[in-house]
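A.B. asks: What follows is a single structure, and I will ask about it in a moment.
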Amino acid sequence: MKVLPCSYFNADDVRCQSKNWDFSAEGRILAAQNMLKTVNQSWMSIKLIDMILPTPELRKIIAPDVIVYLKPFGSSKYPDTSKIYLPPTKNECEKLFVVEVDEREKAVGDLISFFSKSL
């Protein structure tokens, strides 16, 4: 199995550290800004961010090189997020991976291959 050197950042962990559990428009902007500050402290070349950014404006704050979009199945447990959610597009990043729920294992292999080539 291939192992890639990377940092992993979880939105709930960053929200907990910053004590920001506000999911209003302003709270979401602050959460994205806090995530960016946290990520920018890492020296790793690959930084994995586990965060739902429901709008292009929020994704623009992070400005990711790669977006992995897990296509939803069923209804979300966060109706406020579902209400504003717009799926990411190819023009928001260098590479967009769209993953069906039942194709997660294949997607992991594709991601590892992609990142291995960029090292």
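Rule-based calculations on the coordinates, nothing more; no lab input. From a predicted model like this one, the values you see are computed outputs, not experimental measurements. Don't worry about glycine lacking a Cβ; one is built from the backbone with ideal geometry, like all the others, and counts go over all protein chains shown.
A.B. asks: Under a 5 Å amide H to amide H cut-off, with H placed in plane at 1.01 Å, what residues pair with Leu48 once short-range neighbours are removed?
C.D. replies: Ser7, Tyr8, Phe9
A.B. asks: Let me ask something else about it. Val98's amide H: which non-local residues (gap 5+, or another chain) put their own amide H closer than 5 Å, with H modeled 1.01 Å from N in plane and none for Pro or chain starts?
C.D. replies: Distant-sequence amide H within range of Val98: Tyr69.
A.B. asks: Helix check for the chain. Which DSSP H runs span at least 27 Å along their own axis by Cα, with a mean Kyte-Doolittle hydropathy no less than 0.0?
C.D. replies: none
A.B. asks: Straight-line reach only, C-alpha to C-alpha below 18 angstrom: list the aspartates and glutamates that Lys90 could link to, leaving out same-chain residues fewer than 8 apart.
C.D. replies: Leaving aside aspartates and glutamates fewer than 8 places away in the same chain, those within reach of Lys90 are Glu57, Asp65, Glu100, Asp110.
A.B. asks: Show that you can apply the helix-only estimate: for the chain, add -39,500 (n - 2.57) for every DSSP H stretch of four or more residues, divide by all residues, and state [θ] at 222 nm to the nearest 500.
C.D. replies: Rounded to the nearest 500, the figure is -12500 deg cm²/dmol.
A.B. asks: Which pairs break 18 Å Cα to Cα here: Lys47/Lys77; Lys71/Lys117; Lys71/Lys106; Lys95/Lys117; Lys19/Lys71; Lys37/Lys60?
C.D. replies: Lys47/Lys77; Lys71/Lys117; Lys19/Lys71
A.B. asks: Between beta-carbons, use under 12 Å as the cut-off and find the net charge around Tyr8, counting Lys and Arg +1, Asp and Glu -1.
C.D. replies: Spelling it out: positives minus negatives among the neighbours equals -1.
A.B. asks: Relative contact order of the chain: what whole-number percent is it, with Cα pairs under 8 angstrom and at least 6 residues apart?
C.D. replies: 26
A.B. asks: From the list (i) 16.9; (ii) 15.4; (iii) 14.0, can you say which value of Kirkwood radius over Cα pairs in Å was derived from the structure given?
C.D. replies: Working out Kirkwood radius over Cα pairs in Å from the coordinates points to (ii).
A.B. asks: Something else about it: Please give the Cα centre distance for the range 58-119 versus the range 1-51, rounded to the nearest Å.
C.D. replies: The two parts, judged by their Cα centres, are 15 Å apart.
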